[in-house]
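Just below is one structure, and these are the notes that go with it.
The values are calculated or read from the model by the stated rules, or taken from the named source; none is laboratory data. Quick caveat: nothing in here was measured; it's all calculated off a predicted structure. For accessibility, only protein heavy atoms count, side chains too; no ligands or nucleic acids. Shrake-Rupley method; radii C 1.70, N 1.55, O 1.52, S 1.80 Å.
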Amino acid sequence: MTTSSAGQPLIPQPPATVTALRQAVAQITPAALPAFTRELDQAADQPCQASNLSPLHRFIAQWAVYVHIQRQPNLAKEFRRWEDTAETGDATQARRAASAIGRILDDAHAALGLLPQQAHRYGASS
């Protein structure tokens with residue numbers, strides 16, 4: 001991941017388009033590109049089967065939230081720390097971690113002007 005000075009975002013938040021999000025993921029977390037591509041393929045195939053663009057909209061929202069978090073090194077580090085705690089901690093620590101993760105995701109949705117249900121999950125693991 002590229003570093004920034006004084007906790008500033010690594011890159012500006014890109015527009016919520018597949019192309020812009022792919023470029024952002026490639027720049028800040030290249031290891032997540034295979035997951036991005038796999039999930040894009042899945043989202044793109046679903047509308048063809050059901051004539052419904054909701055999966056593609058969810059994909060874009062999910063990855064916009066992912067980029068929003070990952071482009072901020074301190075926030076991304078905090079998010080990963082809470083993910084690790086959720087996976088390895090006891091029940092009390094896992095509940096605390098889930099709450100902290102939820103707040104980070106809610107804040108990201110709000111910053112992007114998204115409703116929480118627009119992105120059903122965070123995205124690729126970092």
Per the list (1) modelled with pLDDT under 95; (2) in a helix (DSSP H, G or I); (3) open to solvent by less than 50 Å² (accessible area, probe 1.4 Å), residue check on Asp41 breaks on (3)
Which numbered condition Gln70 misses (of (1) among the polar types (S, T, N, Q); (2) open to solvent by 80 Å² or more (accessible area, probe 1.4 Å); (3) within 25 Å of Leu112 (Cα to Cα)):
(2)
Sort out which residues of the stretch 7-38 are open to solvent by less than 30 Å² (accessible area, probe 1.4 Å) and assigned to a helix (DSSP H, G or I), and write them in order of number.
Ala20, Leu21, Ala24, Val25, Ile28, Ala32, Ala35, Phe36
